[in-house]
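Structure first, commentary second.
Bear in mind that the values in this text are calculations on the coordinates, not laboratory data. Just so you know, these numbers come straight off a predicted model, no measurement behind them. Note that each Cβ is placed from the backbone with ideal geometry, even for glycine, and that neighbours are counted across all protein chains shown.
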Amino acid sequence: MNFPILSTLIFLPLISSFFIFLSKDKENNFSSIYISLFSSIATFMLSLFLWYSLDVNTADFQFVEEKSWINNYIKFKLGIDGISILFIVLTAFITPICIISCINSVKERVKEFLIAILVLETFMIGVFCSLDLVIFYLFFEGGLIPMFLIIGVWGGSRRVYSAFKFFLFTLLGSVLMLVAIIVIYWLTGTTDVTQIYEIKIPKEYQNLLWLAFLSSFAVKMPMWPVHTWLPDAHVEAPTAGSVILAAILLKMAGYGFLRFSIPMFPYASEFFTPLIYGLSIIAIIYTSLVALMQEDMKKLIAYSSVAHMGYVTLGIFTFTKQGIEGSIYQMISHGLISAALFLCVGVLYDRLHSRLISTYGGLVNYLPKYSLLFLIFALAALGLPGTTGFLGEFLILIGTFQKSYLAAMLATLGVVLGAAYMLWLTKRVIFGVTQNPKIKTLSDLNKLEIIMLTILSFLVIFFGFYPMPLMETFSSSVNSLIDNYQLALNTRQ
Amino acid sequence: MINNLDILFPEIFLSLSIFTILMLGVFIKRSFNIVFNFTSLILILTIAIILNNPNNEEKIFLDSYIRDGFSNYFKILILISSLFVLNSSKSFIVENKLDKFEYPIIILLSILGMFFMVSSNDLILFYLGLELQSLSLYILASIDRDNLRSSESGIKYFVLSALSSGLLLYGCSLLYGFTGSTNFDLIANELNKENIGALFAMVFILVGLAFKVSAVPFHMWTPDVYEGAPTSITNYFAVVPKVAGLALLIKFMLVPFSNILLEWQTILIFISIASMILGAVAAIVQKNIKRLLAYSSIGHIGYALAGVATGEVSGYESSIIYISIYVIMNIGAFSCLYLLKKDGQYKENISDLSGISKKHPLLSISFLIILFSMAGVPPLGGFFAKFYIFTAVIEKEMYFLAITGLLTTVISAFYYLKIIKTIYFEDSAITLEKVKNKSAQVSIFLSCSILLTFFLYPSILNNVVNSLFAN
């Protein structure tokens, strides 16, 4: 295919953000909103078209674009396979939802906000498309700038602290990855991922390089004990910022493990598996317990995200088909569910300007539509069968049981805790007695909110009952990932 | 020899024009505008002359003067940056009553000195060029002579710089004593590790050069002079002499000290690490933007020196790319200062930026781009500068230097973020005066667009710089 469809996909939001920059509306920001909605929906359609035309029976990279970039030795190389396409579609799907949500919640500097969101979308899609380490780093780090501004300019009261913490934590993790990327370049003479797969990095270097990549991915994932930036960032970020953070930014690290850490450093990945198991189990149990004690809804969901990401790392490092497929599925499902939950919190925040659980209670009597949708997402988050949340966790646990009983048992404990904090949250917010007189005056969901949340709930239930479209997409890529990993380990002995 | 005078043509042209506009300035009253415009014209013409020059290596005057691609590149960089610095600061100069006709002429004289520096192949010519440049800079630092702080910074700079020049001269004489020549090529043949006296000479020369580029531990003058001197002069100080100083550091490693690189490198690594750390840590507590930029420039020089410290051509190339992007970023950053006017005064405190993004979105977004680029965040130009440096450093397996550099990047990101925080996150909304300064706006625009679009074709600078070391 000659048409550079991936570049189009990446740079379409960037170009339209430039048009928003040029647009001149003073009062209502209509043209900015329309341009951004139009371009993000066009990006989404394009990503759907890509998904449709992707050949899912092969694990090869498709729609590959290659241009000489830095002195012919680093190439601008893009390409997608069955794993990355789903993240691209997820990104392209979440962005218009964020834009719709900001119509209600962002009151000042709307134009700049939309520009930041679209620039961020460019970087996020770029991360999932890049087949070159330097390009990947560029997109991976570039996303910090718009996210820093989204938290800092439109955030809550402690926004400065959170924005700085977010930026510096992530930057500190990533610079070590930059060292590793340059070292890989001097070891193999290339930063092209597909070539590095072939060349194979010498065993003695793998452990250190793997740790350098981990330092970046662990912060972004976030894994215990470097997760502390996430609750702060979530709490202070505006609704759309939280949605993007939870739905997509957290998935970059999981994707990074699958695309870079495991295929490039199979030996180190096997060597460090116990470490990852340990950290994941701690994340699952510890952050679930912390989530139980939260009084702030956003913080609770943020901690639950850390726990859910713990399952993802656990599943990836089982190196079984079920585990890895479960992890990818869990990431997609968490992308939908956490986005929806943050939107739900945002809906309440827009009305009462409080995120504290104690402010609410007995919402079901006054906001029935809202309560129904909230209940669906809460149940999906705790992994009720019939929703996407169940399938991911279930597959991961099957995969883990094949490798380690202990890890699987402890992880299962996390499922129980997950049910505990989600149900308790629901009980305190949706049901119970209405204490706060202001709740009686609240209006139920408006049209835009109903549209956003129903689409999300439909997807959560649809893919919960019928996961095949997703599974088929990444199945051959996952197979080849595992085959190559086993092959690499066997040839070494 | 006379036949080869065309090699010296840019210098001859520059000197003659300086004499001419000096006469103009003396005989015409209120001649600042005329002299200033002529200066810009002379700078442009000199650029054209040098661009017309061939890049093949030629030496004249008993091999004491060299013209090659390396010197031509640096001369053009010096000229272009001076042109932008001068023009964007013009309204600042006029409004602060610095519009003496000597101002542009002294700048031209310092440029002439730098020309001789980067083209020298002989210790004497090198020292002459350095002194011509330094003497002009002393005057420039104290050009606002009725202002206590400006005079103070001039004296401070003069005393410390004279000391370092003395050390440098002592080093040169030692070098002559131990090798029997002042010519770089001959020195290179004579020098070896057993020559202890020459090692001493090397240390002295390095001290002198480190002072000129304000690397730690010879940086003490930088914050005070930067803060005390008028902003337009600080801008010049922060950009142009650094370029020349770095060129000389590379040149000394390439030619006279090529046999004792290892000793030279050890010192450079220390200086580089110290500069990076001090530049990052000391800038955090600064409240004055000029002072902050002083520390940030110390840090940036540390990164550039890290490339030089590798002792490899790829390292020198990365340093040259770094300093070129540094020039672009600093011209943009200082041009932003020329637009910060409130209540009839140019502001230089970070707190004066508080919340300006609400009323001045374009200025704020430009400052944001420049600051993120200085912090080295991809995909802006500053990231590529750092990327090339670290690539060269890691190629030489100097991991300690690389990791220190990267960690200081994170620390220095903090104070850049602090300025961005002041601009964007604060609730107050300061309104600035409207400043009519088209050239500063053009400088900001060019600087931002280069930094923003650098990722589209990052090898453009590489290709140029590669060709400098082709032979």
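Can you list which of the DSSP-assigned H helices in chain B have a Cα extent of 24 Å or more along the long axis and an average Kyte-Doolittle score of at least 0.5? Working shown, then result.
On the way: long enough: B:9-27 (27 Å, 2.01); B:32-52 (30 Å, 2.09); B:69-88 (28 Å, 1.27); B:102-119 (25 Å, 1.92); B:123-141 (26 Å, 1.71); B:148-179 (46 Å, 0.79); B:196-212 (25 Å, 2.34); B:231-254 (35 Å, 1.37); B:261-283 (32 Å, 1.88); B:289-309 (29 Å, 0.92); B:313-337 (36 Å, 1.30); B:399-424 (36 Å, 1.31).
What comes out of the filter, once short or polar helices are dropped, is B:9-27, B:32-52, B:69-88, B:102-119, B:123-141, B:148-179, B:196-212, B:231-254, B:261-283, B:289-309, B:313-337, B:399-424.
Please say if region A:162-288 is rounded, prolate or oblate, where rounded means a/c under 1.5 for a ≥ b ≥ c the square roots of the C-alpha gyration tensor eigenvalues, and otherwise the choice is prolate for a/b larger than b/c and oblate otherwise? Note, shape of region A:162-288 comes out prolate.
Taken along the Cα-to-beta-carbon direction at a fixed 7 Å, the label points for A:Leu22 and B:Leu128 span 5.5 nm.
Taken over region B:319-471, lysine pairs spaced eight or more positions apart, or on distinct chains, with alpha carbons under 18 Å apart number 23.
Can you work out the FRET efficiency for the pair B:Lys342 and B:Asn189, with r the C-beta to C-beta distance and R0 = 51 Å, to the nearest 0.05?
Numbers: r = 60 Å, r/R0 = 1.18.
The pair B:Lys342/B:Asn189 has a calculated efficiency of 0.25.
If you average the C-alpha positions of region A:218-256 and of region B:286-313 separately, how far apart do those two centres end up, in angstrom? Spelled out, the Cα-based centre of one part sits 33 Å from the other. Take each residue of peptide A:162-169, count the partner chain Cβ atoms within 10 Å of its Cβ, and average: the result is 3.
Specify which residue in the list A:Ile94, A:Gln322, A:Leu481 is farthest towards the positive end of the charge dipole of chain A, using unit charges on the beta carbon of Lys, Arg (+1) and Asp, Glu (-1), about the Cα centre. Selected residue: A:Ile94.
When the trypsin sites (Lys or Arg not before Pro) in region B:314-364 are filtered for DSSP coil states and for at most 15 other beta-carbon atoms within 10 Å of their beta-carbon, the remaining sites are B:Lys359. Using the rule -39500 (n - 2.57) for each DSSP H run of four or more residues, divided by the residues of the protein assembly as shown, the 222 nm mean residue ellipticity is -24500 deg cm²/dmol.
Where the centroid of each part is defined by its Cα atoms, how far is region A:387-447 from region B:364-403 in Å? About 43 Å separates the Cα centre of region A:387-447 from the one of region B:364-403. Label-to-label distance for A:Phe458 and B:Val159 is 7.9 nm, based on points extended 7 Å past Cα in the beta-carbon direction. Estimate the FRET efficiency between B:Phe9 and A:Asn57 by the formula 1/(1 + (r/R0)^6), using the beta-carbon distance for r and 56 Å for R0, to the nearest 0.05. Given R0 = 56 Å and the Cβ-Cβ separation, E is 0.25.
Determine the dipole magnitude for chain A: charges of +1 sit on the beta-carbon of Lys and Arg, -1 on that of Asp and Glu, nothing else is charged, the reference point is the Cα centre, and the result goes in debye to the nearest 20. Let's see the in-between values first.
Numbers: 29 positive and 27 negative charges, 240 e Å.
Around 1160 debye, computed over chain A.
Pull out a ≥ b ≥ c, the square roots of the eigenvalues of the alpha-carbon gyration tensor of chain B, then state rounded if a/c is under 1.5, prolate if not and a/b is larger than b/c, and oblate in the remaining case. Verdict is oblate for chain B. Normalised by the number of residues in chain B, the average gap of Cα pairs under 8 Å and 6 or more apart makes the relative contact order 14 percent.
Farthest towards the positive end of the charge dipole of region B:44-202, among the residues B:Ile76, B:Ser164, B:Gly154, is the Cα of B:Gly154, using unit charges on the Cβ of Lys, Arg, Asp and Glu. Per residue of peptide B:403-415, the mean number of Cβ atoms on other chains within 10 Å of the residue Cβ is 3. Taken about its Cα centre, chain B carries a charge dipole of about 1620 debye when Lys and Arg each add +1 at the Cβ and Asp and Glu each add -1 at the Cβ. The simple Förster model, with R0 at 41 Å and r as the Cβ-Cβ distance, assigns A:Asp350 and A:Met409 a FRET efficiency of 0.45. Prolate is the label for the protein assembly as shown, because the ratio a/c of its alpha-carbon gyration tensor axes (a ≥ b ≥ c) is 1.5 or higher and a/b is greater than b/c.
Given a cut-off of under 8 Å on Cα pairs at least six residues apart, what relative contact order in percent is computed for chain A?
Numbers: 803 pairs, mean separation 75.7, N = 493.
Here the relative contact order equals 15 percent.
Cβ-to-Cβ counts within 10 Å put B:Ser373, A:Ser101, A:Ser53 in ascending order as A:Ser53, A:Ser101, B:Ser373, the fewest first.
Summary value for region B:319-471: 40 percent relative contact order, contacts being C-alpha pairs under 8 angstrom separated by 6+ residues. Region B:123-164 and region B:445-468 have their alpha-carbon centroids 33 Å apart. Projecting the Cα atoms of A:Asn104, A:Thr43, A:Ile15 onto the charge dipole of chain A, computed from C-beta unit charges around the Cα centre, puts A:Asn104 farthest toward the positive end.
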